[in-house]
Structures are given as structure tokens and as C-alpha cells.
Amino acid sequence: MAVITISRQFGAGGKTLGEMIAKELGYRFLDDTIIQELSKEANVSEGWVKSIERTAGGALSKVLSALLNRSYMERMLGGEKGYLDEEIYVDLLYEVVKKLADQDDMVLMGRGGQYILGDFEGAYHIFLVAEREDRIKFMQQYYQMSSSKADQAVIR
């Protein structure tokens, strides 16, 4: 199987490029699919997965993970609901990405794919960079952001 991973600076157009490459090669484009798979594996909502991705590495996330360990949360939530924290997210991400890479030709957007599949035979890794001004223009054009909002987003 062939895999292309794309990592990028925010606003460099990585998702747009990834979709174009996938379409041209007839590959599967994986971005939100990863969220869906992680959600299914952890038995949590897609919203929960997205919130882990947004807050990963943050101080609050680390404190909550330390205070509320997995076994405690599983007891509190019962058997029907799952639990996901940063550590579980990373473990599941490795499993899901490797499983998908073994199944299909794909273009993987972000999520550390270049590290997870660093030794994967048939993997090609792209790191997309652009000048700050170009990233701001891209955000304005494709996401209808004002100049100041695009600038703030690129800086963040």
C-alpha cells in the first residue's frame, strides 16, 4: 500500500493539497475519517475526540488526565460509554493510522502521520510551508476570514 502523509504550517493549504493529490491518484483522503475511527475505537463521541485534539498538551488537559484516571472514569461512566484522554488518544491514533495504512492507498492529513508511519514501506512524507503573507491570503480566500482574523489564526 502507498501512503502520503501531509504536515503543514497552519494556512499553508495542506488540506487543499491533500484532497487534490488523493483525487488525482485515486487514493482515499483521511482527515475526519481518523476522528470517526478514534471515536468508534474509544466508544466516545466525535466531539470528545475533537476536544482532545484541540486541547492536547495544554495544562488543563494534563491536570484532568492526572486527576481522573481511566479506571475511575470507566467506573463512573459504566460499561456503555468509553473514555479518552491524551495518552489513550495517542495509543489509539497509532493503532488506527497503522491499520488504515495497511488497508488502502491513502493521503493522511496531519496527526503526526509522518512519525507514526516513519518506517512504513511505501510512505512518502510532505511538509508544506508558506510565507506568512501567503498563509494569510490563503485563509482569507478559502475560509472567508478577514485580514486581521486570518493573521491572528496564522500567528496562533
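The values are calculated or read from the model by the stated rules, or taken from the named source; none is laboratory data. On a predicted model such as this, the values are computed, not experimentally measured, just so you know. Quick reminder, even Gly has a Cβ in these numbers, built from the backbone with ideal geometry, and neighbours come from all protein chains shown. Accessible surface areas use protein heavy atoms only, side chains included; no ligands, DNA or RNA. Shrake-Rupley method; radii C 1.70, N 1.55, O 1.52, S 1.80 Å.
Search region 82-109 for residues that are under 18 Å from D31 (Cα atoms) and pair each with any residue that is polar (S, T, N, Q) and crowded, with 17+ Cβ neighbours inside 10 Å when their beta-carbon atoms are under 8 Å apart and the residues are at least 6 apart or on different chains.
Here the result reads V107/T5; L108/T5, each pair linking region 82-109 to a residue that is polar (S, T, N, Q) and crowded, with 17+ Cβ neighbours inside 10 Å.
Consider E87 carefully, then state whether it is at pLDDT 85 or above and under 21 Å from Q114 (Cα atoms).
Against the criterion (at pLDDT 85 or above and under 21 Å from Q114 (Cα atoms)), E87 does not qualify.
Checking D105 against (1) surrounded by 11 or more Cβ atoms within 10 Å (Cβ to Cβ); (2) more than 20 Å from the chain's Cα centre (by Cα); (3) acidic (D, E), which test does it fail?
All conditions pass for D105, except number (2).
Would you tally the residues in region 6-48 being assigned to a loop (DSSP other than H, G, I, E, B), open to solvent by 70 Å² or more (accessible area, probe 1.4 Å) and either hydroxyl-bearing (S, T, Y) or at pLDDT 90 or above (or both)?
Final tally of qualifying residues: 0.
Being closer than 22 Å to R8 by Cβ, touching a Ser or Thr at 6+ places or on another chain (Cβ under 6 Å), at pLDDT 85 or above and open to solvent by less than 80 Å² (accessible area, probe 1.4 Å) is true for just one of Q114, Q140. Which residue is that?
Q114
Six or more apart or on different chains, Cβ under 6 Å: which pairs go from a residue in region 6-23 that's over 20 Å from Q152 (Cα atoms) to one that's hydrophobic (A, V, I, L, M, F, W, C) and surrounded by 21 or more Cβ atoms within 10 Å (Cβ to Cβ)? Could you list them?
Correct list of pairs: I6/M109; G18/I6; G18/V107; G18/M109; I21/V107; A22/V107.
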